[in-house]
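Okay, so here's the structure we're looking at.
The values are calculated or read from the model by the stated rules, or taken from the named source; none is laboratory data. Keep in mind the model is a prediction, meaning the values are calculated, not measured. Quick reminder, even Gly has a Cβ in these numbers, built from the backbone with ideal geometry, and neighbours come from all protein chains shown. With ligands, DNA and RNA removed, areas are computed over all heavy atoms of the protein, side chains included. Shrake-Rupley method; radii C 1.70, N 1.55, O 1.52, S 1.80 Å.
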Amino acid sequence: MSEELLVRCIYGGIAALIIALAVFFRYDEGIGTEVSEPRHQRYLPYLHCCMLPVCLLYVTVWGIIRLGFHETARLILPFCFHIFLQISIYYPLLFLFLPLLRKFISARACAMLWLIPNFLYIVPRSALGLPNPPLVITTKGNLVWILSGIWFLGFVAVMIWKCGEHLIFRHQILRNARPVTDPKILRIWKNKLEYVKFKRPRFRLLTSADISSPLTIGIFNRSTCVILPEKSYSSEELQLILLHELVHIGRQDAGNKFFMVFCSAMCWFNPLMWIAMRKSAEDLELSCDETVLLYTTDTIRKRYATLLLDTAGDERGFTSCLSVTAKAMRYRLRSITNAKKKRSGALIVGLFFFLLYITSGYVALAYNGNTGKELVYHGQDYSEYTIRHMSLRDNMTDTTCTDFDEEALHEYIGGLTLYELGNKLSYSYSETSLRYTMATPDSYKIIVLYDNAIMIIPPYEEYRPTEYFYIPDCVDWNYLKSIIHPQQSQS
């Protein structure tokens with residue numbers, strides 16, 4: 001095992017262990033060592049649902065403000081490519097393994113498996129960087145930007161469609177809704193709020209004749225509404241219904257559905273992603289059913305199953321609905337009536353994250369192929385550039401080079417075929433590398449040459465990102481050593 005892979009495994013293992021322990025010791029009843037009367041909120045979120053979308057939005061806005069549109073596009077492209085590639089592989093594989101996983105681990109763990117890619121925001125921007133990728137996909141000319149433009153238009157269209165659908169559905173069901181005034185319902189609602197222990201519940205309890213099944217709509221606390229149909233429910237049914245909806249709110253399932261829509265938009269042309277989005281919604285409902293029915297009797301389970309059968313729901317937008325379409329109903333009823341004791345699934349969740357983490361970055365995208373003269377020297381004459389402070393690292397030994405053929409080095413670098421790499425790469429474990437400072441007509445920059453890549457570090461005060469370029473043909477170190485004479489001075 002290489003030193004780089006070992007370091008990545010250690011970091012990934014620590015993060016995976018933290019996630020697994022969080023799953024095991026969460027406050028949900030029936031998992032880990034939960035106390036009977038927790039001091040904090042029950043039914044905590046699996047994880048904050050919008051970390052990856054918010055990170056991508058922040059990087060985009062920050063980049064446009066500080067770097068401009070062109071530099072931001074170069075910064076975002078590999079980030080999006082990396083996310084797209086991983087979720088395109090992860091979700092179909094999860095879809096294949098899901099029937100087996102559902103037999104042995106809790107529905108709560110299955111639901112969290114759909115949300116693990118939310119942690120991908122830490123990988124491209126981590127201090128470790130990405131490894132020296134064994135597979136680099138190269139594209140010539142403007143093909144990458146044409147394809148990126150088509151993808152971006154599809155992504156925006158899907159997000160507008162889904163967010164618009166949510167807002168329209170929300171308007172339709174809220175326009176005739178009114179606050180619940182029935183004392184019996186309000187009393188049960190208050191008791192359930194106290195049981196769940198929300199700190200500052202700002203969501204409203206409404207009733208509407210426009211719906212046929214209880215549902216919760218709204219991503220944010222202030223805008224969240226629990227809506228009941230204008231039907232007569234027994235006290236026992238109301239307790240099950242309201243607890244079901246409060247579990248959804250506590251776990252931020254509306255936000256979780258937004259995240260799955262975001263992932264589907266990232267891979268909008270992949271039909272498997274749309275199937276995965278529907279399956280994730282099923283697991284969120286199964287997870288909620290499992291939690292509501294913890295430690296209940298067979299009689300209550302049958303009553304809950306009957307309650308599901310008596311209602312038919314509409315789950316458009318980022319909503320959670322007590323009873324959804326008939327397709328998903330069969331498995332839910334079987335899980336409710338034939339409940340089996342299952343493992344928490346904490347180790348499985350941790351393992352899936354670990355595999356997702358250590359496999360990230362092993363495929364890179366290289367584009368805009370051109371010569372070193374254009375990409376490093378911007379087409380200017382080599383005489384405009386002066387090389388200083390050169391050192392060669394060979395077999396982990398640093399050698400200072402004071403007697404080198406500057407013109408020959410310029411010619412060699414300028415003649416290389418290079419492709420832009422937006423990824424933050426880590427070549428720190430390369431056996432051989434050349435580093436030098438090059439004075440430019442306006443400033444200076446640091447050049448670091450590796451086997452298959454060249455890194456250009458701008459001056460700190462210019463506040464520009466480091467540039468990475470991929471070299472398809474391995475650097476000819478024998479020739480370079482013959483023109484830089486590393487044996488002249490050693491340190």
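A compact table of results
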read-out: Residue among LEU52, LEU57 that is modelled with pLDDT of 85 or more and crowded, with 19+ Cβ neighbours inside 10 Å; value: LEU52
read-out: Some residue of segment 275-298 being among the polar types (S, T, N, Q), open to solvent by 20 Å² or more (accessible area, probe 1.4 Å), touching a Lys or Arg at 6+ places or on another chain (Cβ under 6 Å) and not in a strand (DSSP E or B); value: no
read-out: Test: residue in segment 212-222 that is closer than 24 Å to THR311 by Cα, of a type in the set (Val, Ile, Thr) and open to solvent by 20 Å² or more (accessible area, probe 1.4 Å); value: yes
read-out: Some residue of segment 173-188 being within 28 Å of LEU47 (Cα to Cα), of a type in the set (A, V, I, L, M, F, W, C) and in contact with a helix residue (DSSP H, G or I) (Cβ under 6 Å, 6 or more places away or on another chain); value: no
read-out: Of all residues making up segment 250-269, the number that are open to solvent by less than 30 Å² (accessible area, probe 1.4 Å), of a type outside the set (D, E, K, R) and either under 29 Å from ASN191 (Cα atoms) or over 16 Å from the mean Cα position of the chain (by Cα) (or both); value: 4
read-out: Test: residue in segment 383-394 that is more than 29 Å from the chain's Cα centre (by Cα) and more than 24 Å from TRP477 (Cα to Cα); value: yes
read-out: Residue that is surrounded by the fewest Cβ atoms within 10 Å (Cβ to Cβ) [pool: residues in segment 336-378 that are in a loop (DSSP other than H, G, I, E, B) and on the phi > 0 side of the Ramachandran plot]; value: HIS378
read-out: Matching residues in segment 189-236 - criterion: being among the hydroxyl-bearing types (Ser, Thr, Tyr), farther than 14 Å from ILE249 by Cβ and touching a helix residue (DSSP H, G or I) at 6+ places or on another chain (Cβ under 8 Å); value: SER208, TYR233, SER235
read-out: Segment 460-491: number of residues that are among the basic types (Lys, Arg) and modelled with pLDDT under 85; value: 1
read-out: Hits in segment 436-461 (condition: open to solvent by 10 Å² or more (accessible area, probe 1.4 Å) and touching a strand residue (DSSP E or B) at 6+ places or on another chain (Cβ under 9 Å)); value: THR437, ALA439, THR440, TYR444, LYS445, ILE446, TYR450, ASP451, ASN452, MET455, ILE457, PRO458
read-out: Cβ pairs under 9 Å, 6+ apart, first in segment 10-26 and open to solvent by less than 80 Å² (accessible area, probe 1.4 Å), second among the acidic types (Asp, Glu); value: ARG26/GLU34
read-out: Residues (open to solvent by less than 30 Å² (accessible area, probe 1.4 Å) and either assigned to a helix (DSSP H, G or I) or of a type in the set (S, T, N, Q) (or both)) located in segment 186-211; value: ILE188, TRP189, VAL196, THR207, SER208
read-out: Breaking point among (1) surrounded by 15 or more Cβ atoms within 10 Å (Cβ to Cβ); (2) modelled with pLDDT of 90 or more; (3) not aliphatic (A, V, I, L, M), for ARG108; value: (2)
read-out: Residues satisfying the stated conditions in segment 362-378, i.e. among the small types (Gly, Ala, Ser) and at pLDDT 90 or above; value: GLY372
read-out: Candidates SER212, SER232, filtered to the one that is among the hydroxyl-bearing types (Ser, Thr, Tyr), free of Cβ contacts under 8 Å to residues at least 40 places away in the same chain and closer than 21 Å to ILE188 by Cβ; value: SER232
read-out: Segment 112-131, subset modelled with pLDDT of 80 or more and outside any helix (DSSP H, G or I), residue nearest to ALA22 (Cα to Cα); value: LEU115
read-out: Cβ pairs under 7 Å, 6+ apart, first in segment 153-182 and more than 14 Å from ILE217 (Cα to Cα), second open to solvent by 60 Å² or more (accessible area, probe 1.4 Å); value: GLY154/TRP268; GLY154/PHE269; PHE155/TRP268; VAL158/TRP268; ASN176/ALA209; ASN176/ASP210; PRO179/ARG204; VAL180/LEU186
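Let's see how each residue does on (1) of a type in the set (A, V, I, L, M); (2) at pLDDT 85 or above:
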{"residue": "LYS199", "(1), (2)": "no, no"}
{"residue": "ARG204", "(1), (2)": "no, yes"}
{"residue": "THR207", "(1), (2)": "no, yes"}
{"residue": "CYS225", "(1), (2)": "no, yes"}
{"residue": "ILE249", "(1), (2)": "yes, yes"}
